[in-house]
Amino acid sequence: MSLLVLNHISHAYGHFAVVKDLSLKLGEGEIGCLLGTSGCGKTTVLRLIAGFETPSEGRILLRDELIATHERQVAPEKRRIGMVFQDYALFPHLNIAANIGFGLRDHAADKANTRVEELLAIVGLAGLGHKFPHELSGGQQQRVALARALAPRPHLLLLDEPFSNLDVELRERLSLEVRNILKQTGTAAILVTHDQHEAFAVADVIGIMHTGRIEQWDTPYNLYHRPATRQVADFVGQGVFLPGQVIDRDTVAIELGMLKSQLPLECTQSCMTCGKGCALDILIRPDDIVHDDNAPTQAKVAAKAFRGADFLYTLKLASGAQVLSLVPSHHNHAIGEHIGIRLDVDHVVAFRQIA
Amino acid sequence: MSFFAQLDLSVIGPSLPFIWTGLLFTVKLTLIAMTGGIILGTLLALARLSPIAPLAMAATWYVNLMRSIPLLMVILWFFLIIPLLTGKPMGAENSAIITFTLFEAAYYSEIMRAGIQSVPRGQVMAGQAIGMTYWQTMGHVVLPQAFRNMLPILLTQTIILFQDTSLVYAIGAKDLLKAAEIAGKNYNRPIEMYIFVAFVYFVICFALSRLVKHLQSRIAIIR
C-alpha cells in the first residue's frame, strides 16, 4: 500500500504553470526526494502536499484518504503532515522544550513532557530544553525543528531544503543523521533539495524535477546509471555527451572506439526503432574514462581540478570534443600534456541526437 | 521685577490633593483607552488582514476615518452623539473613556497590523504543520511575537495618548489639566498651576520614554 499518492497534479500561479501533470507514489517508511534546480516547482509540490496550496488538477491521497483535489482540501493542520523549513521557523518566543511540545497541546502534561524529553534525546539535544532558539547554532536549531515536526507523530514529514543554511561539513553530517532518525522512527518523508549529494545521502528514491514535471522517479543508483532522459543525465552526476553511431543491436562506435554493451543497447528515448547508422549521443561519465599510460589513445589535458583523492581532468580529444576523467591524484599531469586513456564503460547510456 | 520673582509657588502645595484627583482620572483614562484600544485595535488589524473582503474593507474604513478626523472633533462629536443614541446623559468622563478607546484603537490597529506582518509567514505554516488551527497559531505564535516586537511602539503611542487626554478639557472632564486650571482659578494663580502641571506631564512622559528605550534594547537582544 502506498502512503502518499500524487495523481496527475497540476498547479499554476495565475497563468504560469508551475507543476504539470505530476504523479508519484511513496511507500510507508520510505524517504523520497524531489531534486531539481531552483524554479523547477519542487517546493510548490511540497506545499501542495502540506496543504498550503490547492492543486488546479489532480488528486492527492494520504493512506488512501483523499486530502486534496481542486475543489476539496483537507486543512493543513488536519493532515498530520509535519514540515521542516529552510529557515527552521522555530518560535522565537518559546524555549526549545515548548517549541518541540507545541504540537502536543492536546496531550496530558506529563505525557507531553516525556515525549519532549524523548525527542530531545533522539536529536541529540538532551538537557537543552530550557534554552531559546537564538541561543543555539544553526545545526542545533534545525534539529529542534525536526524534533518539533516529529513530536505529534506525523504520517509524513516534509523537508524543504532543510540543510541549505548550514555549512558543507555540518550539512553532510546532519543529512546522514536525519536519515537515521527518520529510519529509526519509521517516518516517511519527502525532502526537497537542489543538492544531489544531499539527495543521495538521505533518500531511498529520488524524483528529478524539470520545469514542473518529474523526469524520473527512481533509486539514486538508477538515476546515475540509467537516466531516463537527457535532463536527468545532465543533472545527475558529471559527464559529457559524445556523438556515436549504431553499428548493430549492441555495438556503438564513438571517437574513442567501439562500445560493446553487456546490456542491450539502452536507447531509452525514442530511438528504439533507430537502426544501423543511427546517430546517437552517448553519455560518458568521468569514471568511464580510465587513465592508462600504455593506452594508444592520447588526449590533451585542457583543465584539471584537484579533489584530494583524485583529479578531475578535462581532456581534449583529437576531434576537439572534451571528456572528463577521474584519475587518482598521484597521477599529476600538467595542463597541455598528452596522456593515454581508454574506455571502461560498463553499460551504454544513449539518447537520440537532437537534430 | 522679573517674571520669576512674581511667581508664588506656595499655592501648589495646598492644591496637590485636588490636582491628584485630576491626575488619577488622566491615568485611568490612559490605561483604559490603552487596554481597550490595543484589544480592539488587534481585532481591527486581524479584520484588515482577513481574507473576508467586506470585513477587511469595513475595518480599513473605520481606521482611515478615525485617523483622518482631528481628535478634538471626535471628542466633541461623541460627547454630543452618545447621549442622543442611548437616550440618557453619560457624563464627560465616561464619554471621554469611550471616545479615546475607539479613537486610539485605530492607531493601535495600525501598529498591530505591522506587528502581525513582521512575523514571517513560515511561522504560521510551521504552526499549522504541527496541527494547530489558524486561530490557535494566531493566538499562540503570531500575536505573542507581534505584540513583543511592537511593544516599544505601542508604548510610544501610549505616551502620545497620555498627552492627548488633556483634550478632554474641551468637554469639561476633570483631568490633570482641568484640575490644575480649577486650582489656578481658586488661588487666582493660573500661571503657577500651568507651569506645575506641565512639569508633571514632562516627568511622567520622560520617564515612560526612557522605559521604552530600555525595552527596545532588551527586545533587540531576544530577536
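The values are calculated or read from the model by the stated rules, or taken from the named source; none is laboratory data. As the structure is a prediction and not an experimental result, all values here were calculated from the model. No Cβ is skipped: glycine too gets one built from the backbone with ideal geometry, and neighbour counts run over all protein chains shown. Note: accessible area is taken over every heavy atom of the protein model, side chains too, but ligands, DNA and RNA are not part of it. Shrake-Rupley method; radii C 1.70, N 1.55, O 1.52, S 1.80 Å.
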Being over 18 Å from B:Gln123 (Cα atoms), assigned to a strand (DSSP E or B) and within 14 Å of another protein chain (Cβ to nearest Cβ), is that true of even one residue in the range A:149-172?
yes
Kindly establish whether B:Gly127 is modelled with pLDDT of 90 or more, closer than 26 Å to A:Leu159 by Cα and either more than 10 Å from chain A (Cβ to nearest Cβ) or assigned to a loop (DSSP other than H, G, I, E, B) (or both).
no
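Matching residues to (1) touching a residue at least 24 places away in the same chain (Cβ under 8 Å); (2) more than 14 Å from chain A (Cβ to nearest Cβ):
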| residue | (1), (2) |
| --- | --- |
| B:Trp135 | no, no |
| B:Leu151 | yes, no |
| B:Leu154 | yes, yes |
| B:Ala173 | yes, yes |
| B:Ala180 | yes, yes |
| B:Met193 | yes, yes |
| B:Val200 | yes, yes |
| B:Ile204 | yes, yes |
Sole miss for A:His333 among (1) more than 22 Å from A:Phe235 (Cα to Cα); (2) in contact (Cβ under 8 Å) with a residue 60 or more places away in the chain is condition (2)
Residue selected from the range A:335-355 under the condition at pLDDT 90 or above and assigned to a loop (DSSP other than H, G, I, E, B), by the criterion least open to solvent (accessible area, probe 1.4 Å)
A:Gly336
Can you tell me which residue is farthest from A:Leu119 (Cα to Cα) among those in the range A:59-101 that are in contact with a Ser or Thr (Cβ under 6 Å, 6 or more places away or on another chain) and more than 10 Å from chain B (Cβ to nearest Cβ)?
A:His70
State the number of residues belonging to the range B:179-204 that are of a type outside the set (A, V, I, L, M, F, W, C) and open to solvent by less than 40 Å² (accessible area, probe 1.4 Å).
4
Checked A:Ile181, A:Ile254 against criteria (open to solvent by less than 50 Å² (accessible area, probe 1.4 Å), in the same structural domain as A:Val345 (by TED's automatic domain parsing) and not hydroxyl-bearing (Ser, Thr, Tyr)); the one match is A:Ile254
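Conditions (1) assigned by TED's automatic domain parsing to the domain that holds A:Leu136; (2) within 30 Å of A:Gly138 (Cβ to Cβ); (3) surrounded by 15 or more Cβ atoms within 10 Å (Cβ to Cβ); (4) touching a Leu at 6+ places or on another chain (Cβ under 7 Å), marked per residue:
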{"site": "A:Ser10", "(1), (2), (3), (4)": "yes, no, yes, no"}
{"site": "A:Glu28", "(1), (2), (3), (4)": "yes, no, no, yes"}
{"site": "A:Thr54", "(1), (2), (3), (4)": "yes, no, no, no"}
{"site": "A:Pro76", "(1), (2), (3), (4)": "yes, yes, yes, no"}
{"site": "A:Val84", "(1), (2), (3), (4)": "yes, yes, yes, yes"}
Within the range A:102-143, which residues are free of Cβ contacts under 8 Å to residues at least 12 places away in the same chain, within 14 Å of chain B (Cβ to nearest Cβ) and farther than 25 Å from B:Val119 by Cβ?
A:His107
Which numbered condition in (1) under 26 Å from A:Phe163 (Cβ atoms); (2) in a loop (DSSP other than H, G, I, E, B) is the only one that A:Val45 fails?
(2)
Does any residue of the range B:137-151 turn out to be open to solvent by 10 Å² or more (accessible area, probe 1.4 Å) and hydroxyl-bearing (Ser, Thr, Tyr)?
no
Working only within the range A:199-216, note down all residues that are under 16 Å from A:Leu176 (Cα atoms) and without any contact (Cβ under 8 Å) to a residue 40 or more places away in the chain.
A:Phe200, A:Ala201
